[in-house]
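Chemist: Pasting a structure here, questions to come.
The values are calculated or read from the model by the stated rules, or taken from the named source; none is laboratory data. Keep in mind the model is a prediction, meaning the values are calculated, not measured. Note that we place each Cβ from the backbone using ideal geometry, even for glycine, and neighbour counts take in every protein chain shown.
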Amino acid sequence: MKEYFKHDPWKVIEEGFDPHMNKVAESIFSIGNGRMGQRANFEEQYSGETLPGSYVAGVYYPDKTRVGWWKNGYPEYFAKVLNAPNWINLHIAIEGQPLDLAKCKVESFRRELDMKTGILTRLYIASLPDGKRLEVNASRFCSMADDEIGAIKFSLTPLNFSGSITVVSGIDADVVNMDSNYDEKFWNEVYKDASRDQAVVTAETKKTLFHVCCGSTVSVVQKGKEVSLKQSSVTKEKFAAFQFELPINEGESTVIYKYAAILSSENHKKEELVAQCRTQLDYARQRGYEKLRDAHVKIWTDKWNECDITIEGDVGAQQGIRFNIFQLSQTYTGKDQRLNIGPKGFTGEKYGGSTYWDTEAYCLPFYLGTADQKVARNLLVYRHKHLQRAIENAGKLGFTNGAALYPMVTMNGEECHNEWEITFEEIHRNGAIAYAIFDYIRYTGDNDYLVEYGLEVLIGISRFWAQRVNWSDDKSRYVMLGVTGPNEYENNVNNNWYTNLIAKWTLSYTLESIEYVRGKDESVFNRLIQSLKFEVQEETKKWKDIGDKMYFPEDKHRGIFLQQDGFLDKVIKPVSQLGKGDRPLNQKWSWDRILRSCYIKQADVLQGLYFFEDQFDQDSIKRNFDFYEPITVHESSLSPCVHSILAASLGYQDKAYEMYVRTARLDLDDYNNDTEDGCHITSMAGTWLSITKGFGGLRIVDDQIHLHPFIPGQWQSYSFKLEFRGQVIKVNVSQASVDVTLEEGKELGIVIYGQPFVLTDKVSSPIR
Ligand code: BGC
């Protein structure tokens with residue numbers, strides 16, 4: 001854990017420049033707008049350690065699978081999130097010397113992300129090798145209002161000299177992915193031009209043939225007036241830019257505005273891209289930086305109004321939750337049904353694909369609670385659209401009769417993960433897709449979703465489970481062999497408790513849903529069973545039987561569920577007894593050693609207890625928590641939030657707080673020593689969950705919001721808002737009371753500490 005960034009309620013601040021932390025900072029200060037995003041790389045040249053990253057949503061490259069030993073069933077490719085053409089570059093030379101912080105003496109440096117406004121700034125004073133000192137103040141944003149536009153304001157002031165600078169600025173599509181499997185470049189040039197003040201490049205991805213067209217234009221202001229520039233064009237392969245020279249005077253600022261338009265063939269006809277890019281550039285330049293910025297800030301103001309969480313009395317915790325909400329909101333806005341929430345969002349390349357089970361298991365509740373119901377519904381419909389692909393995916397592994405296996409990682413519904421122990425075995429992901437349907441309906445009451453889309457998906461998943469289990473004569477039970485549970489530090493185990501549980505639950509939820517849909521609309525039901533060739537009697541009978549006779553490993557003596565068969569053969573030694581040099585295990589230990597150890601990467605049995613807490617009594621949850629928490633290393637970012645929520649419900653308030661901080665500040669403090677690759681976007685929803693479901697005790701029971709709040713001793717108060725079935729409530733918890741206000745809507749029944757209230761304006765209850 002590194003405490004590098006300064007604490008502040010609304011800002012993330014880097015004070016002083018540490019080149020070793022630059023890649024971490026580039027991830028942390030990433031900005032985006034749901035349509036595109038940008039790591040916090042410098043505009044000017046930088047020859048030090050950096051991970052350049054510009055990303056355009058939905059654009060990917062199917063990089064040929066690279067594995068040591070090919071196994072039948074492996075997907076042909078891994079969908080790489082592409083490093084897209086770079087639009088931020090603004091290279092500056094001062095009388096021939098490049099402005100490059102790796103070669104300058106950095107006298108002062110401050111990088112700051114204002115989360116309230118979504119604006120990134122850098123302010124520094126540097127001296128060049130020949131002693132020339134200058135001050136730079138650079139700001140930029142990816143416009144939330146005009147989501148194909150990015151804008152930069154770059155101000156430079158010579159402090160002890162007058163002279164001239166040369167600026168080169170444009171679009172560079174000659175970019176690479178660090179994680180390319182064969183060191184291949186993924187882009188071909190389609191078009192480039194630098195004329196009429198506009199540098200424009202269209203690049204095409206190999207194989208997938210996406211077109212991304214980027215353009216830029218600059219204007220310069222000195223002494224408050226726009227300077228007329230004598231620009232000469234600079235073009236080379238996949239690169240178009242302008243070069244110009246300017247005199248600069250000691251103590252006087254030169255302000256360079258760069259406007260960029262970033263468009264993709266996902267949203268425009270290929271043949272119209274260039275023209276529309278030029279139109280966007282004209283528009284951006286005409287509006288100017290300030291107006292574009294104001295429109296962008298207005299969207300952030302509205303967003304914060306919907307989903308801010310306040311914490312009084314703990315700046316680190318406050319900054320953490322806002323950072324997480326900020327990142328989630330700029331990754332996925334819910335506007336485009338084709339998009340999803342990639343684990344790295346727009347902050348890095350690692351992981352590839354855009355969709356993991358993270359969306360359903362972690363992110364969905366955040367969007368349910370903070371956005372219009374349509375946003376969450378879109379996330380479910382996204383999976384419905386991929387159902388055929390999930391069926392094909394299962395088919396490749398030998399499953400038949402419409403069994404669906406949703407991919408571990410995907411861009412378009414096809415599986416693209418390629419490690420056998422995950423691709424073939426980490427099948428619990430399928431259950432999360434089913435669980436999300438249940439979770440969505442529980443929250444919204446939108447039962448029609450089942451009729452329209454949900455049941456079809458549930459049947460596909462249930463068919464998969466029914467084929468994936470086998471009857472064990474020895475145990476007289478159904479078992480599930482050769483799986484990997486959520487804890488990826490165990491592979492190819494038998495009877496992972498969580499997987500068996502979610503499979504059994506899916507079967508029973510599907511049976512219930514069949515009854516619901518049949519009762520609601522017989523003709524829809526009949527059409528569905530015909531199109532699915534669903535043998536109602538036979539298949540449902542089998543599912544019921546599996547549900548009734550599923551095997552679950554447990555240790556009756558300890559009163560715990562076993563993560564998998566044989567778990568207790570391991571040497572059980574708490575994480576607290578590991579040396580500091582052992583962590584993170586995945587960077588310090590051999591895989592073999594990890595697999596044999598008892599250490600758990602992320603919530604596994606506890607994930608099941610979190611999802612299905614109603615099925616277990618508190619004592620049982622407590623015994624399992626007491627057993628598993630001390631041996632969990634939380635080396636998946638998805639883990640601590642589940643522990644935080646369970647700890648809160650068990651009354652382990654210190655643990656709940658510790659796990660909250662770990663979730664909330666995971667990237668800010670680089671807990672897992674991997675933030676340089678990008679931020680852990682999907683787990684950020686877990687921070688929101690830790691506060692609402694954990695500290696707030698939020699549950700939806702029988703169509704009503706239930707709250708059971710506690711407040712950590714360090715905090716004076718905290719508050720969050722919830723959208724619930726067209727109404728909005730604000731929950732404020734102080735050391736003395738819980739106050740709930742109805743902010744939108746007329747009347748809402750809610751339950752606080754088990755006591756029902758009718759909320760028309762405000763209700764209060766003393767804190768317990
Ligand atoms: C976790 C998975 C998760 C993936 C993407 C892995 O480290 O173990 O559960 O889906 O990261 O976030």
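Chemist: Quick check, is residue 611 more than 24 Å from the chain's Cα centre (by Cα) and either within 16 Å of the ligand (Cβ to nearest atom) or touching a residue at least 60 places away in the same chain (Cβ under 8 Å) (or both)? Before the answer, list the steps.
Modeler: Working: more than 24 Å from the chain's Cα centre (by Cα): no; either within 16 Å of the ligand (Cβ to nearest atom) or touching a residue at least 60 places away in the same chain (Cβ under 8 Å) (or both): yes.
When the stated conditions are applied, residue 611 does not pass them.
Chemist: Here is a follow-up. Is there any pair linking a residue in the stretch 231-242 that is touching a residue at least 40 places away in the same chain (Cβ under 8 Å) and on the phi > 0 side of the Ramachandran plot to one that is assigned to a strand (DSSP E or B) and aromatic (Phe, Trp, Tyr), with Cβ under 7 Å and at least six apart or on different chains, and which?
Modeler: 238/187
Chemist: Kindly provide the set of residues from the stretch 637-674 that are buried (at least 22 other Cβ atoms within 10 Å of the Cβ), out of contact with any Gly (no Cβ under 9 Å at 6 or more places or on another chain) and hydroxyl-bearing (Ser, Thr, Tyr), ordered by number.
Modeler: 671
Chemist: Name the pairs whose Cβ atoms lie under 7 Å apart, with the first residue in the stretch 295-321 and at positive phi, the second at pLDDT 95 or above and surrounded by fewer than 20 Cβ atoms within 10 Å (Cβ to Cβ), and 6 or more positions between them or separate chains?
Modeler: Close Cβ pairs (under 7 Å, with a partner that is at pLDDT 95 or above and surrounded by fewer than 20 Cβ atoms within 10 Å (Cβ to Cβ)) amount to 313/715; 313/716.
Chemist: State which residue pairs qualify: first residue among the basic types (Lys, Arg) and inside the stretch 423-435, second residue within 13 Å of the ligand (Cβ to nearest atom) in any location, beta carbons under 7 Å apart, and separation of 6 or more residues or different chains.
Modeler: So the pair list comes out as 429/357; 429/406; 429/408.
Chemist: Related question: What about residue 478, is it farther than 21 Å from residue 500 by Cα, of a type in the set (Phe, Trp, Tyr) and touching a helix residue (DSSP H, G or I) at 6+ places or on another chain (Cβ under 8 Å)?
Modeler: No, not satisfied.
Chemist: Of 228, 253, 264, 233, which residue is among the small types (Gly, Ala, Ser) and closer than 30 Å to residue 337 by Cβ? Give the steps one after another, and end with the answer.
Modeler: Numbers: 228 fails: closer than 30 Å to residue 337 by Cβ; 253 fails: closer than 30 Å to residue 337 by Cβ; 233 fails: closer than 30 Å to residue 337 by Cβ.
The conditions single out 264.
Chemist: How many residues are more than 22 Å from residue 77 (Cα to Cα) and either in contact with a Phe, Trp or Tyr (Cβ under 6 Å, 6 or more places away or on another chain) or away from the ligand (no atom under 16 Å from the Cβ) (or both) when one looks only at the stretch 333-364?
Modeler: Within the stretch 333-364, residues that are more than 22 Å from residue 77 (Cα to Cα) and either in contact with a Phe, Trp or Tyr (Cβ under 6 Å, 6 or more places away or on another chain) or away from the ligand (no atom under 16 Å from the Cβ) (or both) number 5.
Chemist: Name the one entry in 378, 412, 430 that is more than 16 Å from the ligand (Cβ to nearest atom), within 28 Å of residue 491 (Cβ to Cβ) and out of contact with any His (no Cβ under 6 Å at 6 or more places or on another chain).
Modeler: 412
Chemist: Okay, moving on. Considering each residue of the stretch 467-501, count those that are in a loop (DSSP other than H, G, I, E, B), more than 16 Å from the ligand (Cβ to nearest atom) and either buried (at least 19 other Cβ atoms within 10 Å of the Cβ) or of a type in the set (S, T, N, Q) (or both), and give that number.
Modeler: So the answer is 5.
Chemist: Return yes when residue 634 is on the phi > 0 side of the Ramachandran plot and either part of a strand (DSSP E or B) or at pLDDT 95 or above (or both) and no when it is not.
Modeler: Judged against the criteria, residue 634 is a match.
Chemist: Here is a follow-up. Find the strands (runs of 3 or more DSSP E) located wholly in the stretch 1-75 whose residues include 1 or more that are within 22 Å of the chain's Cα centre (by Cα) and under 24 Å from residue 335 (Cα atoms), and list them.
Modeler: 36-38, 54-56, 60-64
Chemist: Is it fair to say residue 88 is in a strand (DSSP E or B) and either on the phi > 0 side of the Ramachandran plot or of a type in the set (A, V, I, L, M, F, W, C) (or both)?
Modeler: No.
Chemist: When both residues are 6+ apart or on different chains and their Cβ atoms are under 6 Å apart, which pairs have a first residue that lies in the stretch 486-500 and is more than 22 Å from residue 621 (Cβ to Cβ), and a second that is within 11 Å of the ligand (Cβ to nearest atom)?
Modeler: Pairs found: 488/601; 489/601; 491/484.
Chemist: Just checking, does the stretch 660-675 include any residue being under 21 Å from residue 732 (Cα atoms), away from the ligand (no atom under 16 Å from the Cβ) and either part of a strand (DSSP E or B) or without any contact (Cβ under 8 Å) to a residue 60 or more places away in the chain (or both)? Let's see the steps before the verdict.
Modeler: To start, the set of residues in the stretch 660-675 that are under 21 Å from residue 732 (Cα atoms) comprises 660-661, 664.
Now narrow it down to the ones that are away from the ligand (no atom under 16 Å from the Cβ): 660-661, 664.
Filter once more, so that each one left must be either part of a strand (DSSP E or B) or without any contact (Cβ under 8 Å) to a residue 60 or more places away in the chain (or both): none.
No, the stretch 660-675 has no match at all.
Residues are listed down the side, and each one gets a yes or a no for (1) within 19 Å of residue 435 (Cα to Cα); (2) hydrophobic (A, V, I, L, M, F, W, C):
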| residue | (1), (2) |
| --- | --- |
| 474 | no, no |
| 481 | no, yes |
| 488 | no, no |
| 493 | no, yes |
| 506 | yes, no |
| 509 | yes, no |
| 512 | yes, no |
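Chemist: Which is touching a Ser or Thr at 6+ places or on another chain (Cβ under 7 Å) and on the phi > 0 side of the Ramachandran plot, of 559, 547?
Modeler: Only one candidate passes the filter, namely 559.
Chemist: Restricted to the stretch 53-96, and to residues that are modelled with pLDDT under 95 and among the polar types (S, T, N, Q), which residue is nearest to residue 405 (Cα to Cα)?
Modeler: 72
Chemist: Can you tell me how many residues within the stretch 292-303 are within 17 Å of residue 723 (Cβ to Cβ) and either buried (at least 19 other Cβ atoms within 10 Å of the Cβ) or touching an Asp or Glu at 6+ places or on another chain (Cβ under 6 Å) (or both)?
Modeler: 1
Chemist: A further question follows. Have a look at 47, 30 and point out the one that is polar (S, T, N, Q), at pLDDT 95 or above and closer than 30 Å to residue 382 by Cα.
Modeler: Just one listed residue meets the conditions, 30.
Chemist: All but one of (1) farther than 19 Å from residue 322 by Cα; (2) away from the ligand (no atom under 15 Å from the Cβ); (3) among the small types (Gly, Ala, Ser); (4) out of contact with any strand residue (DSSP E or B) (no Cβ under 8 Å at 6 or more places or on another chain) hold for residue 697; which doesn't?
Modeler: That leaves (4) as the condition not met.
Chemist: Of the residues that sit in the stretch 409-443 and are aliphatic (A, V, I, L, M) and buried (at least 22 other Cβ atoms within 10 Å of the Cβ), which one is nearest to residue 66 (Cα to Cα)?
Modeler: Going through the qualifying residues, I end up with 409.
One line per residue, one yes/no per condition, for (1) polar (S, T, N, Q); (2) surrounded by 22 or more Cβ atoms within 10 Å (Cβ to Cβ); (3) out of contact with any Pro (no Cβ under 6 Å at 6 or more places or on another chain); (4) closer than 30 Å to residue 398 by Cβ:
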| residue | (1), (2), (3), (4) |
| --- | --- |
| 55 | no, yes, yes, no |
| 66 | no, no, yes, yes |
| 69 | no, no, yes, yes |
| 74 | no, no, yes, yes |
| 90 | no, yes, yes, no |
| 101 | no, no, yes, no |
| 110 | no, no, yes, no |
| 128 | no, no, yes, no |
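Chemist: I want to confirm something. Restricting to the stretch 142-171 and keeping residues that are polar (S, T, N, Q) and over 23 Å from residue 292 (Cα atoms), which single residue is surrounded by the most Cβ atoms within 10 Å (Cβ to Cβ)?
Modeler: Of the stretch 142-171, the ones polar (S, T, N, Q) are 143, 155, 157, 160, 162, 164, 166, 169.
Applying the additional criterion that residues be over 23 Å from residue 292 (Cα atoms) yields 157, 160, 162, 164, 166.
On the way: 157: 18, 160: 11, 162: 11, 164: 12, 166: 15.
Restricting to residues being polar (S, T, N, Q) and over 23 Å from residue 292 (Cα atoms), the top hit is 157.
Chemist: Provide a single number: the residues in the stretch 651-678 that are under 11 Å from residue 695 (Cα atoms) and hydrophobic (A, V, I, L, M, F, W, C).
Modeler: Residues flagged as under 11 Å from residue 695 (Cα atoms) and hydrophobic (A, V, I, L, M, F, W, C) within the stretch 651-678 amount to 1.
Chemist: Which of the residues spanning the stretch 641-659 are of a type outside the set (A, V, I, L, M) and away from the ligand (no atom under 13 Å from the Cβ)?
Modeler: Result: 643, 644, 649, 651, 652, 653, 654, 655, 657, 658.
Chemist: Still on this structure, please answer the following. Out of the stretch 324-342, which residues are assigned to a loop (DSSP other than H, G, I, E, B), touching a Gly at 6+ places or on another chain (Cβ under 8 Å) and crowded, with 23+ Cβ neighbours inside 10 Å?
Modeler: 332, 342 - these are the residues of the stretch 324-342 that are assigned to a loop (DSSP other than H, G, I, E, B), touching a Gly at 6+ places or on another chain (Cβ under 8 Å) and crowded, with 23+ Cβ neighbours inside 10 Å.
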